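What follows is a single structure, written as structure tokens, with notes after it.
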């Protein structure tokens with residue numbers, strides 16, 4: 001166990017080809033936290049901005065990009081209207097976005113040297129591509145990643161969706177130490193939210209918010225020298241790897257949720 005650093009922990013964030021709304025929100029939380037120094041946000045892609053987001057999504061999802069974008073915009077609008085913290089967070093988000101560095105290859109030698117020169121204490125992943133050891137091992141205390149889904153049972157992509165699709169009572173989130181596998185790292189923090197009769201967008205948002213809290217706690221544990229990691233159950237690591245849901249999967253899920261019997265409320 002290490003001693004407290006005695007200063008803000010120096011963090012580099014690894015993001016995807018485009019920082020979606022949750023990743024921007026998380027970067028803003030890092031930027032505003034007094035015990036965290038966000039060095040920069042490293043992304044692999046063609047650039048940031050609306051056209052890059054749409055282009056990347058269409059290349060990956062095809063026609064399914066339309067409902068995905070509609071859901072993202074609807075969720076972002078509701079959050080903006082309902083959450084009084086949104087206005088306060090915009091200035092922090094702007095400062096975090098000013099630290100975004102987008103490169104064609106995060107594993108290029110000059111990029112690796114830039115990360116080394118920054119001397120980060122910790123790396124944190126939010127939506128990044130699969131990282132190789134030559135990058136995620138640079139930070140002095142390694143790199144943490146977030147996974148929406150209970151590990152090790154729900155590995156892979158869009159696992160909040162698959163948890164609800166499979167009728168699970170809860171949807172999980174985990175903070176893990178990045179290793180050579182996919183969603184196989186030792187666990188730092190875990191948690192879950194009740195599904196009940198909530199909509200998918202509501203469950204996804206609750207998982208995001210819980211994930212933010214757990215992620216910050218895990219980062220501060222590293223800073224304080226209190227980080228503790230527990231291995232995942234090796235007997236289940238070879239199980240199913242979930243994929244991106246197809247339009248047919250989404251339709252079946254929607255029809256299944258619509259067909260649920262409504263609760264009867266007895267009137268006095």
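Checking the stretch 197-220 against the condition returns no match, with no residue being surrounded by fewer than 19 Cβ atoms within 10 Å (Cβ to Cβ), closer than 26 Å to residue 124 by Cβ, in contact with a strand residue (DSSP E or B) (Cβ under 9 Å, 6 or more places away or on another chain) and at pLDDT below 95. For the stretch 166-180, the criterion of being over 16 Å from residue 203 (Cβ atoms) and either free of Cβ contacts under 8 Å to residues at least 12 places away in the same chain or in the same structural domain as residue 131 (by TED's automatic domain parsing) (or both) is met by at least one residue.
Scanning the stretch 175-194 for residues that are under 14 Å from residue 154 (Cβ atoms), part of a loop (DSSP other than H, G, I, E, B) and touching a strand residue (DSSP E or B) at 6+ places or on another chain (Cβ under 6 Å) returns a single hit, 183.
Picking from residues in the stretch 7-29 that are modelled with pLDDT of 95 or more and surrounded by fewer than 17 Cβ atoms within 10 Å (Cβ to Cβ), the one that is farthest from residue 39 (Cα to Cα) is 7. Restrict the check to the stretch 229-238 and report whether at least one residue is touching a helix residue (DSSP H, G or I) at 6+ places or on another chain (Cβ under 9 Å) and outside the structural domain of residue 125 (by TED's automatic domain parsing). Within the stretch 229-238, none of the residues are touching a helix residue (DSSP H, G or I) at 6+ places or on another chain (Cβ under 9 Å) and outside the structural domain of residue 125 (by TED's automatic domain parsing).
Filtering 226, 187 for residues that are more than 24 Å from residue 256 (Cα to Cα), touching a residue at least 60 places away in the same chain (Cβ under 8 Å) and out of contact with any helix residue (DSSP H, G or I) (no Cβ under 6 Å at 6 or more places or on another chain) leaves a single hit, 226.
For the stretch 88-129, a residue qualifies if it is under 21 Å from residue 30 (Cα atoms), in a helix (DSSP H, G or I) and at pLDDT 95 or above, and the qualifying residues are 114, 115, 116, 117, 118.
Looking at 75, 160, just one residue is part of a helix (DSSP H, G or I), in the same structural domain as residue 201 (by TED's automatic domain parsing) and either at pLDDT below 95 or in contact with a strand residue (DSSP E or B) (Cβ under 7 Å, 6 or more places away or on another chain) (or both), and that residue is 160.
When residue 162 is tested against (1) in contact with a helix residue (DSSP H, G or I) (Cβ under 8 Å, 6 or more places away or on another chain); (2) under 30 Å from residue 194 (Cβ atoms), exactly one condition is not met: (1).
The values are calculated or read from the model by the stated rules, or taken from the named source; none is laboratory data. Note that the structure is predicted; figures quoted are calculated from it, not measured. We place every Cβ from the backbone using ideal geometry, glycine too, and count neighbours over all the protein chains shown.
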